[in-house]
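Step one of this worksheet: look at the structure below.
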Amino acid sequence: MPYNTLGSMIRYLRKQHNMTQADLAAKVGVTDKAVSKWERELSYPDISLFPGLADVLGVTADDLLKECMDEGKPSRLLQIFKMSHDLRTPLNIILGYAKMAELHYDEPEKLARYLAGIRISGEYLLKVLDYVIDVSHKDERKDFEGSLTELSDYLAKNMNEVQSDRDTYDFSGKRILLVDDMEVNREIAGEMVMLTGAEVEYAENGAICVEKIETSEAGYYDLVLMDLQMPVMDGIEATRQIRQLPDHEKAVIPIIAMTANVYEADRLAAFEAGMNAFTEKPIVVEALFRAMKDHLS
């Protein structure tokens, strides 16, 4: 077998297709530096990139997942699956679509789309969890079940919580720039924010966000909701560039992180780059609106 880790698989298949790292990066929509890190096992592709990456390399997303094993032991990527980002992404979709279904239950077309999104995300999440449990050692499986118990407790605590006071958040007349590379995340967060009466515009990555702020009139946007992990330019670098804009009014626009990267290091990096607040995915509507209220004059 020519490879036994995800990084070696990517490198092998890239060479089989006569692609340079820059070629692969362009096709997947990331930087060549990111591809270099994947192949050297210094970092791993975001799970949202797996379908596109698999298509470019001529394999399936399942093939990529299977190569996350090395000598029968969970690799670092598999450990990441047990952690926050790759679990929180489908959870954000499930919880977000559930909220949207609750709000649009009398609109059959929207309801069908939301329910389909919940089912697909749930099936994906189950597949990831089954994969983790199958390859984990007994003690590791016990620890993982503990994390699921915590998640279950969290959902039980919050599932009956009614957002009866959401109308108290009135951001009418405010224009929000929502930055996220995943269309489904933009849709969910955008619909939530529009409940407050605010207008929402979108950017697919940090570079587009910076360009929109640079080319718009000062004061056109009132606040930015920024994902951290995105191709082309991540939220940290985008925030740094915004803070360095020569127009002071544009440079001080409030920026709130809205991300599945929830480690303390992520928080510190966000604040060091100049972000004003940090909210987590899956989105808790009350927490998001409270952070927005704190920074919208």
Theoretical FRET efficiency, 1/(1+(r/R0)^6), r = Cβ-Cβ of residue 286 and residue 41, R0 35 Å, to 0.05
0.30
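Could you sort out which of 212/281; 99/212; 15/37; 33/250 sit more than 26 Å apart by Cα distance in this structure?
Cα-Cα > 26 Å for 99/212; 33/250; rest within.
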Global geometry of region 6-70, whether rounded, prolate or oblate, following the gyration tensor of its Cα atoms and the 1.5 cut on a/c
rounded
If you filter region 231-289 for chymotrypsin sites (Phe, Trp or Tyr not before Pro), then keep DSSP loop positions with at most 14 other Cβ within 10 Å, what is left?
263
Tell me which residues come under 5 Å, amide H to amide H, from residue 200 once H is placed; ignore anything under 5 positions away on its chain.
176
Set the Förster distance to 30 Å, then compute FRET efficiency between residue 168 and residue 245 from the Cβ-Cβ distance, nearest 0.05.
0.35
Distance in nm between label sites at residue 116 and residue 62, each 7 Å beyond Cα in the beta-carbon direction?
2.2 nm
If you take the beta carbon distance between residue 296 and residue 182 as r and set R0 to 25 Å, what does 1/(1 + (r/R0)^6) give as a FRET efficiency, to the nearest 0.05?
0.50
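Every read-out reported here was derived from the displayed coordinates using simple, explicitly stated rules and does not represent laboratory data. In this text, all values refer to a predicted model and were calculated from it rather than measured experimentally. Using ideal geometry, Cβ is built from the backbone for each residue, glycine included, and neighbour counts are taken over all protein chains shown.
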